[in-house]
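Right, one structure below, let's go through it.
The values are calculated or read from the model by the stated rules, or taken from the named source; none is laboratory data. These numbers come from a predicted model, not from an experiment. All Cβ positions, glycine included, derive from the backbone under ideal geometry; neighbour counts span all protein chains shown. The protein model used for the area step is the full one, side chains on, heavy atoms only, and it has no ligands, DNA or RNA in it. Shrake-Rupley method; radii C 1.70, N 1.55, O 1.52, S 1.80 Å.
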Amino acid sequence: VVWHLANVFWRAFVRGELGLFWGPDSMVPQPRDFVHFYQQLRWFLSKGPRPKFERFTYWEKFDYWAVLWGTALMGAAGLVLWFPMAASPILPGWLFNVALFVHGAEATLAIVFIFAIHFFNGHLRPGKFPMDMVIFTGSVSREELRHERPGQYERLAASGALDRLAVPPPI
């Protein structure tokens, strides 16, 4: 978590990639994510068109923040529990009970989330069974991008960046 946050800080404030915080390539939840959630509920119920997702969907952003927040919280609580002799001169005694509760609750949330949400999105989502192969290839076909992320596809096509990002298909 510390390494990742340092990398985000470096990219944003040293290299000037402020689009990390806002815009189509950002992992920060934005108003359009709430709109996409509502549109997807309507689409699931056959009441409207499929949302035009951008580079990251609302559920991917939720995954990202859940892992980031959960790892930091569980790691901090775990360190308190792992090194009680070092932590006891600094922290009040009741905080050890809180650390034990937080550590266990975060672990339970992580397990439930992985099996209930992540497993569906990564493996059981229509069109992705048995798994989304992008994890191994790092790329998607033009057709898949057009279908899965129409907002990103249209933006890249309009700017001419689509052809620049093309890579040969995986072997």
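In this structure, is residue 77 surrounded by fewer than 16 Cβ atoms within 10 Å (Cβ to Cβ), among the small types (Gly, Ala, Ser) and either more than 30 Å from residue 148 (Cβ to Cβ) or touching a residue at least 60 places away in the same chain (Cβ under 8 Å) (or both)?
Details: surrounded by fewer than 16 Cβ atoms within 10 Å (Cβ to Cβ): no; among the small types (Gly, Ala, Ser): yes; either more than 30 Å from residue 148 (Cβ to Cβ) or touching a residue at least 60 places away in the same chain (Cβ under 8 Å) (or both): yes.
So residue 77 does not fit the description; no.
Taking the options 93, 151, name whichever one is open to solvent by less than 60 Å² (accessible area, probe 1.4 Å), among the small types (Gly, Ala, Ser) and under 17 Å from residue 56 (Cβ atoms).
Numbers: 93 fails: under 17 Å from residue 56 (Cβ atoms).
After applying the criteria, what remains is 151.
Tell me which residues, restricted to the range 62-103, are hydrophobic (A, V, I, L, M, F, W, C) and in contact with a Phe, Trp or Tyr (Cβ under 7 Å, 6 or more places away or on another chain). Walk me through how you get there before you give the answer.
Initially, the range 62-103 is screened for residues hydrophobic (A, V, I, L, M, F, W, C), giving 62, 65-69, 72-74, 76-77, 79-83, 85-87, 90-91, 94-96, 98-102.
66, 80 - these are the residues of the range 62-103 that are hydrophobic (A, V, I, L, M, F, W, C) and in contact with a Phe, Trp or Tyr (Cβ under 7 Å, 6 or more places away or on another chain).
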* To do: Note down all Cβ pairs under 7 Å where the first residue falls in the range 141-159 and is touching a residue at least 24 places away in the same chain (Cβ under 8 Å) and within 10 Å of residue 53 (Cα to Cα), the second is of a type in the set (Asp, Glu) and buried (at least 17 other Cβ atoms within 10 Å of the Cβ), and they're at least six residues apart or on different chains.
  => 149/54; 151/54; 152/54
* Structure fact -> Counting only residues in the range 1-28 that are under 17 Å from residue 152 (Cβ atoms) and not acidic (Asp, Glu), the one most open to solvent (accessible area, probe 1.4 Å) is identified as 22
* **Residues of the range 50-59 that turn out to be open to solvent by less than 70 Å² (accessible area, probe 1.4 Å), of a type outside the set (S, T, N, Q) and either assigned to a loop (DSSP other than H, G, I, E, B) or free of Cβ contacts under 8 Å to residues at least 40 places away in the same chain (or both), as a count** => 6
* Asked: When you look at residue 116, is it among the small types (Gly, Ala, Ser), open to solvent by 80 Å² or more (accessible area, probe 1.4 Å), out of contact with any Asp or Glu (no Cβ under 8 Å at 6 or more places or on another chain) and modelled with pLDDT of 80 or more, yes or no?
  -> no
* To do: Taking residue 130 as the residue in question, decide whether it is at pLDDT 90 or above, exposed (fewer than 12 other Cβ atoms within 10 Å of the Cβ) and out of contact with any Gly (no Cβ under 6 Å at 6 or more places or on another chain).
  => no
* **Every residue from the range 60-74 that is closer than 16 Å to residue 21 by Cα and open to solvent by 40 Å² or more (accessible area, probe 1.4 Å)** => 60, 62, 64, 65
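For the range 133-147, which residues satisfy the criterion of being aliphatic (A, V, I, L, M) and surrounded by 15 or more Cβ atoms within 10 Å (Cβ to Cβ)? Outline the logic, then answer.
Initial filter on the range 133-147 (aliphatic (A, V, I, L, M)): 133-135, 140, 145.
Result: 140, 145.
Could you please find all residues in the range 29-49 being open to solvent by 90 Å² or more (accessible area, probe 1.4 Å) and either of a type in the set (Val, Ile, Thr) or over 18 Å from the mean Cα position of the chain (by Cα) (or both)? Lay out the reasoning, then the answer.
So the first thing to find is which residues in the range 29-49 are open to solvent by 90 Å² or more (accessible area, probe 1.4 Å), and the list is 34, 37-38, 42-47, 49.
Passing the criteria: 38, 42, 43, 44, 45, 46, 47, 49.
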